[in-house]
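Undergrad: Here it is, the structure in full.
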Amino acid sequence: MANATRTQPSRPAGRPGPRDRILSAAAGLFYVEGINATGVELIASEADVSKRTLYKYFPSKVNLVEQYLAYLREMVVDPRHAQGDGPRERLMLLFEVPQPGGGRLRGCPFHNAAVEAASVMPEVAEFVHTQKKAFAEAIIDLCRDLGVDDPDRLGHQIALLYEGAAALSTSLDDVEPWVVARSTVEMLLDQTREGR
């Protein structure tokens, strides 16, 4: 009788499994090259797996894009739980000015996915809408924690400044929109403190 216990094939110590390698490769390629411009053959090659293995873990490219975005969502720190000494500091952490020298500014991967998937992957657009709404709600919650009179309005203003800075800095490949957005948020927060 054959041994009923099967052992998993060993992999080199520290080397991620195929699924993680595929997601990591997809994350890098989708962000830099774009979702539509990146084929599954290239992702499989980057991840050092066969196309068959890729499709075993991700039955379609839409599924891979959704999992990529879920993977990114797990890596994003909820602004409410950021390392800061209170809601104001946590809000300001959102507006840290990117340091130049890391290559071209690519902007928000969720926004990029929404633009690329607009007509061809409606499931992805829905995922992005949910993410963006949750992000705005987190900002509103921080404004509520500040005790401002109208946390919904201020939260939406700050979310708009964040999204605008991300989009404009990408379009211009310049960090200046982040500098302007940061000073504008500081001004808005100072005004709410003065009004109390």
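Undergrad: Provide LEU94, LEU189 ordered by accessible surface of protein heavy atoms (probe 1.4 Å), highest first.
TA: On the way: LEU94 30, LEU189 5 Å².
In descending accessible area the options line up as LEU94, LEU189.
Undergrad: Further question on the same structure: Over the heavy atoms of VAL175, what accessible area does a 1.4 Å probe trace out, to the nearest 10 Å²?
TA: Approximately 30 Å² of VAL175 is accessible to the 1.4 Å probe.
Undergrad: Run the reach check for LYS56 against aspartates and glutamates, Cα to Cα strictly under 19 Å, same-chain hits fewer than 8 apart removed. What comes back?
TA: ASP20, GLU41, GLU46, ASP48, GLU66
Undergrad: Using helices alone, what [θ] at 222 nm do you get for the chain, with -39,500 (n - 2.57) per DSSP H run of 4 or more residues, divided over all residues and rounded to the nearest 500? Intermediate values should be presented prior to the final figure.
TA: Working: 9 runs with 128 residues, N = 196.
Mean residue ellipticity at 222 nm (helix-derived): -21000 deg cm²/dmol.
Undergrad: Name all residues of segment 13-56 having a backbone nitrogen under 16 Å from the label point set 7 Å from the Cα of ARG104 along its Cα→Cβ direction, giving them as ranges.
TA: Residues passing the 16 Å test: 28-38.
Undergrad: Please name whichever of TRP178, ALA47, LEU189 sits farthest to the positive end of the charge dipole of the chain, dipole taken about the Cα centre and charges placed at Cβ: Lys and Arg +1, Asp and Glu -1.
TA: ALA47
Undergrad: Name the residues whose placed amide hydrogens come within less than 5 Å of the amide hydrogen of GLY39, ignoring near sequence neighbours (fewer than 5 apart) on the same chain.
TA: Under 5 Å from the amide H of GLY39: no residue qualifies.
Undergrad: Could you give the Stokes-Einstein D for the chain in µm² per second, using the C-alpha Kirkwood radius, 10 °C, 1.306 mPa s? Spell out each step's value before the answer.
TA: Working: Rh = 19.1 Å.
Value of D from the Cα-based Kirkwood radius: 83 µm²/s.
Undergrad: Any lysines with Cα under 21 Å of the LYS61 Cα? List them, leaving off those in the same chain fewer than 8 positions away.
TA: Cα-Cα hits under 21 Å: LYS51.
Undergrad: What accessible surface, in Å², does a 1.4 Å probe find on MET92, ignoring ligands, DNA and RNA and rounding to the nearest 10?
TA: 20 Å²
The values are calculated or read from the model by the stated rules, or taken from the named source; none is laboratory data. Here the structure is a predicted model, which is why all the values come from computation and not from measurement. Cβ: placed from backbone, ideal geometry, glycine included. Neighbour counts: every protein chain shown. Only protein heavy atoms, including side chains, enter the accessible area calculation; ligands, DNA and RNA are left aside. Shrake-Rupley method; radii C 1.70, N 1.55, O 1.52, S 1.80 Å.
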